Amino acid sequence: MKIEDIKVIVCSPGRNFVTVKIVADSGVIGVGDATVNGREMAVVAYLEEHVIPCLVGRDPQDIEDIWQYLYKGAYWRKGPITMAAIAGIDMALWDIKGKLANLPVYQLLGGRSRAGVNLYAHAGGSDIDDTIDKAQTLVDQGFKAVRLQSAVAGLKTTYGVVGDKKDYYELQGNRPLPPEEQWCTQKYFSMIEALFSEARRRLGSGVHLLHDVHSRLTPIESARLGKMLEPYHLLFLEDASIAENQQSYELIRQHTTTPLAIGETYNSIWDCKDLIQSQLVDYIRAAATHAGGITAMRRIADFAGLYNVRTAPHGAPDLSPICFSAHLHLNTWTPNFGIQEFVGLGNEQIRSVFQQDVMIKDGMAVVSEKPGLGVDFNEQAAQQYPYKRSYLPVSRLEDGTVWNW
Ligand code: EZ4
Ligand code: CO
């Protein structure tokens, strides 16, 4: 069997997605997600100029060899662009392998560990009451876990809060230049404990609560936050501090029993190796699209399992439904799976481009039984939504210093 053609399609049905489509000579088609938010066209160039010419004519069944060829063979290992390109190819090859075997991908990974995949939904409000009202609505819909983000008084915008925009797509979809946002740790600390004490008071102890700091704090500030939130029993505190220096998490860990999660920007197992091995985190949030595909995620999951670290894959709106589906297959298999982030199944345009076979009920997703990943990519529909340059925001402290967004 041979790879006959590989195409990269960029579309913007509300926001940009980079999709890899592999056609094998038997007519079998596989699709993968290679979207890097705000840097989409770099992945397209990498794939079209440097990857696709090497793969046409190869056997699409040789997933491992192709993964190693693209990773080791480039000489330049790792990096978000390289690993997203590898991920797009890898997911499409797993999709093909499933279709050839007439099995859903989770069966190829080893079969089920669970009936369904627990999800956590997002509640982001203009103040504490609004956030908890939104969380209550999600609980009423059946979600057992909710991430709480509230606007910080005195800052124009806050991460995770949609504000006057209709949804995440209106918020993220059209930013021809990076908007600038502000951060102030002191203002954040003046509201964050009240958010969780009030949430426990109103929502009770039966719902899992989560929070994403989005890397705004230093390690000692994260330690303080973790301690402060201990009485409210978070499922996890996400991205408290940047961990480019993985050892810096030792400081946070020494001070708090609040479970820690990290990894949505990680592009290889090496980014999380020390954090996992030293048991400095409880959940690893690597995503198939950014960490090198299903092949790489399987290795991270197994490695994490040795150290009681569970997986909690990233599930933001900038990951396409193909990635979400890849995560559902991984999560259905992964023995040490924790929870999946979930922001809905996209708007109407997205659903017209990516037809995804998934059932969501009572805060749980049930993976597709269709052969492969279970997503049909409609290329004609994608053509109606051409690429639009769009950036993530940049963050500054109130004195103008560039900070982590
Ligand atoms: O800001 O995916 O947990 N989710 C997140 C996301 C990220 C975006 C960046 O592209 O932190 O909302
Ligand atoms: Co996050």
Out of everything in the range 222-252 that is within 16 Å of ligand 2 (Cβ to nearest atom) and of a type in the set (A, V, I, L, M), what residue ends up being nearest to Q277 (Cα to Cα)? A243
Flagged in the range 198-222 as within 30 Å of E244 (Cβ to Cβ), touching a strand residue (DSSP E or B) at 6+ places or on another chain (Cβ under 8 Å) and open to solvent by 30 Å² or more (accessible area, probe 1.4 Å), in numbering order, are H208
Identify, please: which residue in the range 7-45 is more than 18 Å from I86 (Cβ to Cβ) and surrounded by 24 or more Cβ atoms within 10 Å (Cβ to Cβ) and is, among those, farthest from ligand 2 (Cβ to nearest atom)? C11
Mind counting the residues in the range 261-276 that are open to solvent by 60 Å² or more (accessible area, probe 1.4 Å) and away from ligand 2 (no atom under 13 Å from the Cβ)? 3
Select, from Q136, Q149, Q141, the only residue that is polar (S, T, N, Q), in contact (Cβ under 8 Å) with a residue 60 or more places away in the chain, crowded, with 21+ Cβ neighbours inside 10 Å and in the same structural domain as G338 (by TED's automatic domain parsing). Q149
Within the range 71-91, is there a residue that is over 25 Å from the mean Cα position of the chain (by Cα) and touching a residue at least 40 places away in the same chain (Cβ under 8 Å)? no
So if I check each of L280, L330, L306, which one is farther than 21 Å from K78 by Cα, buried (at least 24 other Cβ atoms within 10 Å of the Cβ) and not acidic (D, E)? L330
The range 166-179, residues that are closer than 21 Å to E40 by Cβ and either of a type outside the set (F, W, Y) or at pLDDT 95 or above (or both): D167, E170, L171, Q172, G173, N174, R175, P176, L177, P178, P179
Within the range 333-348, considering residues that are more than 17 Å from the chain's Cα centre (by Cα) and open to solvent by less than 40 Å² (accessible area, probe 1.4 Å), the one modelled with the lowest pLDDT: N347
All conditions in (1) within 16 Å of ligand 1 (Cβ to nearest atom); (2) surrounded by fewer than 18 Cβ atoms within 10 Å (Cβ to Cβ); (3) assigned to a loop (DSSP other than H, G, I, E, B) are true of R58 except (1)
Hey, does the range 209-221 have a residue that's away from ligand 2 (no atom under 16 Å from the Cβ) and either within 26 Å of Q340 (Cβ to Cβ) or part of a strand (DSSP E or B) (or both)? no
Reported set for the range 105-132 where residues are farther than 17 Å from A301 by Cβ and either out of contact with any strand residue (DSSP E or B) (no Cβ under 7 Å at 6 or more places or on another chain) or at pLDDT below 95 (or both) is A115, S126, D129, D130, I132
Within the range 226-255, residues of a type in the set (S, T, Y) and either within 16 Å of ligand 1 (Cβ to nearest atom) or open to solvent by less than 10 Å² (accessible area, probe 1.4 Å) (or both) come out as S241, Y249
Working only within the range 256-267, note down all residues that are part of a loop (DSSP other than H, G, I, E, B) and within 16 Å of ligand 1 (Cβ to nearest atom). P259, G263, E264, T265, Y266, N267
Which one of these does T157 not meet: (1) at pLDDT below 95; (2) assigned to a helix (DSSP H, G or I); (3) open to solvent by 40 Å² or more (accessible area, probe 1.4 Å)? (2)
Unmet criterion (only one of (1) part of a strand (DSSP E or B); (2) surrounded by fewer than 22 Cβ atoms within 10 Å (Cβ to Cβ); (3) of a type in the set (D, E, K, R)) for D129: (1)
Among the residues in the range 349-372, are any under 30 Å from E180 (Cβ atoms), more than 16 Å from ligand 2 (Cβ to nearest atom) and open to solvent by 10 Å² or more (accessible area, probe 1.4 Å)? yes
Would it be correct to say that E181 is outside any loop (DSSP other than H, G, I, E, B), under 30 Å from K388 (Cβ atoms) and open to solvent by less than 40 Å² (accessible area, probe 1.4 Å)? yes
When the range 358-369 is examined, which residues are found to be in contact (Cβ under 8 Å) with a residue 24 or more places away in the chain and not polar (S, T, N, Q)? V358, I360, K361, D362, G363, M364, A365, V366, V367, E369
Quick check: is even one residue across the range 315-328 away from ligand 1 (no atom under 15 Å from the Cβ) and charged (D, E, K, R)? no
Under the condition of being more than 12 Å from ligand 2 (Cβ to nearest atom) and acidic (D, E), which residue from the range 277-319 is farthest from the chain's Cα centre (by Cα)? D302
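The values are calculated or read from the model by the stated rules, or taken from the named source; none is laboratory data. Since we're looking at a predicted model, the values are computed, not measured. Because the Cβ atoms are built from the backbone with ideal geometry, glycine has one as well, and the counts that use them run over all protein chains shown. Side chains included, ligands, DNA and RNA excluded: accessible areas come from the protein's heavy atoms. Shrake-Rupley method; radii C 1.70, N 1.55, O 1.52, S 1.80 Å.
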